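The values are calculated or read from the model by the stated rules, or taken from the named source; none is laboratory data. Since the model is a prediction, treat every value here as computed from it, not as a measurement. Cβ coordinates were reconstructed from backbone atoms using ideal geometry, including for glycine residues, and neighbour counts include every protein chain displayed. Only protein heavy atoms, including side chains, enter the accessible area calculation; ligands, DNA and RNA are left aside. Shrake-Rupley method; radii C 1.70, N 1.55, O 1.52, S 1.80 Å.
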Amino acid sequence: SDHMENICGYLMKYTNLVTGWQYRYFVLNNDAGLLEYFVNEQSRHLKPRGTLQLAGAVISPSDEDSHTFTVNAASGEQYKLRATDAKERQHWVSRLQICTQHHTEAIGKNNPPLKSRSFSLASQGSANSPGVQRRPSQNAVSFFNVGHHRLPTGKRVPIMQPDHLVDVREMMSQAEGQQRDLIRSIECLPASGHLTSLDQDLLMLKATSMATMNCLNDCFHILQLQHASQQKGSLPAGTTISWLEPKISLANHFKNGAAQNFPAEINKPASVREEQSIAEPCQLTREPEEINPDEELEDICDDKEDDLGAVEEQRSVILHLLSQLKLGMDLTRVVLPTFILEKRSLLEMYADFMSHPDLFIAITSGSSPEERMIRFVEYYLTSFHEGRKGAIAKKPYNPIIGETFHCSWRMPKSNVAADAGANSSAHCPSEQGTLPKDPDGQAEPDYYTVKFVAEQVSHHPPVSGFYAECVERNMCVNAHVWTKSKFLGMSIGVTMVGEGVLHLLEHGEEYTFSLPCAYARSILTVPWVELGGKVNINCAKTGYSASINFHTKPFYGGKLHRVTGEVKQNMTNTVVCRVQGEWNSVLEFTYSNGETKYVDLTKLSVTRKRVRPLEKQGPFESRRLWQHVTESLRDGDIDKATEHKRALEERQRNEERLRAETETPWCTKYFLKDGDGWVYHKPLWKTVSAAQTQQTDSN
């Protein structure tokens, strides 16, 4: 209470994208728990231009710089403010936090705990309900006319017969529809006023209705298992009945890859929809498919992720999501809102890391182990800029199990030779003579081809495998990545667990590497991405290694997206190259001979990948699989995109349950389990080894 002082002064307030930042005079009224602002100090005696209730608010210093902070009110309204320096920001933040805590605790003392408040949802206007005390004529329950039915006292619940399961399924479908309508009605309420979408009772109603439907779905699944066991006489060996992951069933399953009309699908009987979803896996083949690069066309899609407006408009959705999360919580099973999605799958994002194939191919042209390691570090650091499209932190689609992505790049040989020569005066052009000749005696193409394939090999945990090769240069890379995401308060952190290996078969060298963590910062304002953590690159054969640090921005001062690293010879502990700069801007390489090289990532040429047209893609290939979601996002129809996304996720859950019930293991298509990792089924190192063995036998 000693620090409960009324303070006032000028701060800059962010208005919108057009007007930008404007100076406003702010007043902290501790007695009323209000933050008010005026056009200037002279107009302080007039009505405030804006007022925020601080009870229940969140005061957050921004990660963007040392001057900015945000005030997020419980109503969903937000002020983004900027002080003149870090000291002034700290003064305002500390006073606002003290005032907020004081008034939030005061509300808690004057109201029952959350557990007892939940009775207002079941009492339909009980006189003791806190909701009724606040709104005698219109509480949350009476507004939506929600109640529950009780059986007459003394009557026993009849035993459910197996043939009644179809009726139960129909009743549950109706309940699911009513529950969706309820949530839609709540979310359509205004963000401020007498009854808002962020009302505490309504948020509790949304959560309890969803939990109830999840529980009913689990119970129905157990009844189905019991019904199956009665028909077979007993459950299969090893089968257990357990509570499943949270789920809300969406009654609009559809066959993947085919154009569908959602309303017609919803109107079909639940039993028909269920049969379609169960029959679906039997119609798909898991045999590896050889993709002909000649069928692939240069990609013309150019989906820029630069829409900032959607994030501002959907703040109430984000606030509701944040209210359900806890610090350190694993987000793997959390369904995030559709509007934050990129228009591509995570598998395609991994492919976009290969958008500089000239630098990738040039690695093996290095004349010494030292030069090849430095070239790999250069390629590695330039891959992240193009892999992250746009400045806003949007999230790619979570691949469903069995999803694949194929593409390739064509790089003129003259371009690679020129680049390699420019990078090093020691380039050896005679290596070009080692390229394999066309078996038909025809002239070889004047370009190199880099082929890429990725597959989602596991759903829980979510693991992706990807592989790329350039046959002409006898090089390939194989990697597997498990994405672990956690809630960190005002940020989301994603740890990339896994390992990649680059094989330079011409030199018999293997380079192992890992990936940095990614963070989505300022998720309540304009979210942005930064990378963080230490990664290592090692080549056991040559004894060269690289240590790279991706630096996250410090609380005070510092630069964004900073990266530093060094390449050294382990035997002598000699540093042969140092690198510093920003991974999305300019990198500076300093060599042991004193020379310095600058790489401007914003000016590097990007080679467009080549992808087969949708009509030639398989039903589980990323672009065809997600085409309806992508089209809806391009059209700005978030609701339709959400419906398509839910249908895909629900089908995946149904297939997963079916495999669990029938004890059918999932079979991958292109990658095989190898210890703790995953390896491409036909890697180049095996192909080359087999060809060499065959040639030796023939001689």
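In region 542-695, carbon and sulfur make up what percent of the accessible area (probe 1.4 Å)?
Numbers: 3940 of 8030 Å².
Heavy-atom surface of region 542-695 belonging to carbon and sulfur, 1.4 Å probe: 49 percent.
From the Cα gyration tensor of region 560-699, with a ≥ b ≥ c the square roots of its eigenvalues, which class applies: rounded if a/c is under 1.5, or else prolate if a/b is larger than b/c, or else oblate?
On the way: a/c = 2.24, a/b = 1.35, b/c = 1.66.
Here region 560-699 falls in the oblate category.
Using 26 Å as the Cα-Cα cut-off, could you pick out the over-long pairs in LYS484/LYS645; LYS87/LYS486; LYS568/LYS609? Working shown, then result.
Details: LYS484/LYS645 21 Å; LYS87/LYS486 31 Å; LYS568/LYS609 34 Å.
Distance filter (> 26 Å) returns LYS87/LYS486; LYS568/LYS609.
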Task: Relative contact order [Cα under 8 Å, 6+ residues apart], region 5-106, whole percent - done: 23
TODO: Go through region 575-659 and name the trypsin sites (Lys or Arg not before Pro) that are in a DSSP coil and have 15 or fewer other Cβ atoms within 10 Å of their Cβ.
DONE: ARG608
Open item on the list: Tell me the carbon and sulfur percent of the accessible area for region 5-106, rounded to whole percent, probe radius 1.4 Å.
Closed with: 50
TODO: Please say if region 475-541 is rounded, prolate or oblate, where rounded means a/c under 1.5 for a ≥ b ≥ c the square roots of the C-alpha gyration tensor eigenvalues, and otherwise the choice is prolate for a/b larger than b/c and oblate otherwise?
DONE: prolate
- [ ] Using only the alpha carbons, work out the radius of gyration and Dmax of region 5-106 in angstrom.
- [x] 12.7, 39
